[in-house]
Amino acid sequence: MADSMNKLIDTSSQIIAYAKDMAYSCQLKKKKIFSYPRFVVSFFLRRSWEMFESFIILIKERRIIDSAIILRSVLEMGISLGYIFSKDINEEETEIRAIIYMLDGDKQQLKLTNANLEGFKEFNSHIKERRDELKEQIIKMEDELKNKYKTKDWSLPSIQVRAELSRYNFFKKVYNQSYRDISNIEHHSMLFGQHYVESKGCDPILKINHLNFRSQLKPSVSLYLFRAVFIEIMNIFNKVFQLKWERKLSEMREIHEKEYKLLRDRSN
């Protein structure tokens, strides 16, 4: 692996370590209370650093498509956080957007659970309890939206609209320049499968170089983009919990931006 790629990976590992320290400093804070925005950003920070660790493993092995699928997930996380914590809305609207985001996820999960309840029972004896818990959570959130916030529209905007409503130029660019393109990668689409199978005899292609047709998924570029979004997730987490990590985040951004020149290393 090229020295420049090793450098990007080392710095990324340091940033993950900072995220873990940030989470630990959050645990030490006293008198914290529940809020939907806090729940979402805490989940996204914890989940994204786990994904980041997996992403680095895939990048090291040059698993271009599999790493791109994880990258797409973290891009969606970042865009959704940008939507919830948009720069031009008040605290109440942030709470409403967080509830709507969580409500949408719980409704999708309930729909999946109900459609496969008998099958789930074979492997999870507590699936009915889980279903009932989802129902209770949905009722609670709908009640808050209706009675506390007098909200009429509970629909979650599309990812494209979320990017626009975020008012973050960074997340708008992420959607337009990266997310939309990566979304064209499909696991089992036969159109995508043409890169895996020889068209005439239907023989599996043994050696595949995905960069021949998706040069934008160059490992160094993907890693740099993942890192940029991850730092923004850390930034929002820091603001929400008032952890006073501004100086450290500024240092991370400076190091991150200085390594931009490594993206031009053709050996990656």
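Every number here is computed from the coordinates shown, using simple stated rules; none is lab data. These numbers were taken from a predicted model, which means no experiment stands behind them. With ideal geometry, Cβ positions are generated from the backbone for all residues, glycine too; neighbour counts draw on all protein chains shown.
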Karplus-derived HN-Hα couplings along segment 135-150 (A = 6.51, B = -1.76, C = 1.60, θ = phi - 60°), whole Hz, x at Gly and Pro: 4, 5, 5, 5, 4, 4, 5, 5, 4, 5, 5, 6, 9, 7, 9, 6
Candidates Asp66, Asp153, Asp104, ranked by Gaussian network fluctuation over the chain, Cα under 10 Å, top entry: Asp153
Rounded to the nearest 20 debye, dipole of the chain from Cβ charges on Lys, Arg, Asp, Glu: 560
Peptides ranked, highest mean first, by Cβ atoms within 10 Å: ranges 226-239, 21-34, 90-103: 226-239, 90-103, 21-34
For segment 90-159: Kirkwood Rh in Å [reciprocal of mean 1/r, alpha carbons]: 13.2
Global geometry of the chain, whether rounded, prolate or oblate, following the gyration tensor of its Cα atoms and the 1.5 cut on a/c: oblate
Cut-off under 5 Å, modelled amide H: who pairs with Val197 long-range: Ile205
Out-of-range pairs (alpha-carbon distance over 22 Å; input Lys29/Lys258; Lys60/Lys244; Lys87/Lys244; Lys111/Lys172; Lys239/Lys261): Lys29/Lys258; Lys60/Lys244; Lys111/Lys172; Lys239/Lys261
Note, ³J(HN,Hα) from phi for segment 27-34, Karplus 6.51, -1.76, 1.60, rounded to Hz, x at Gly and Pro: 4, 7, 5, 9, 6, 7, 10, 6
Unit charges at the beta carbon, dipole of segment 149-253: most positive-side option, Asn212, Ile233, Gln194: Ile233
Phi to ³J(HN,Hα) by Karplus 6.51 cos²θ - 1.76 cosθ + 1.60 over segment 245-255, Hz, x for Gly, Pro: 9, 4, 5, 5, 5, 4, 5, 4, 4, 4, 5
About the Cα centre, charge dipole magnitude for segment 116-163 (Lys/Arg +1, Asp/Glu -1 at Cβ), debye: 240
Taking the chain and dividing mean pair separation by its residue count, relative contact order in percent (alpha carbons under 8 Å, at least six apart): 33
Unit charges at the beta carbon, dipole of the chain: most positive-side option, Ile79, Leu8, Leu243: Leu243
22 Å tail of the calculated P(r), segment 39-170, as % of Cα pairs: 52
Helix-only [θ]222 nm of the chain, DSSP H runs n ≥ 4, -39500 (n - 2.57) each, per residue, nearest 500: -21000 deg cm²/dmol
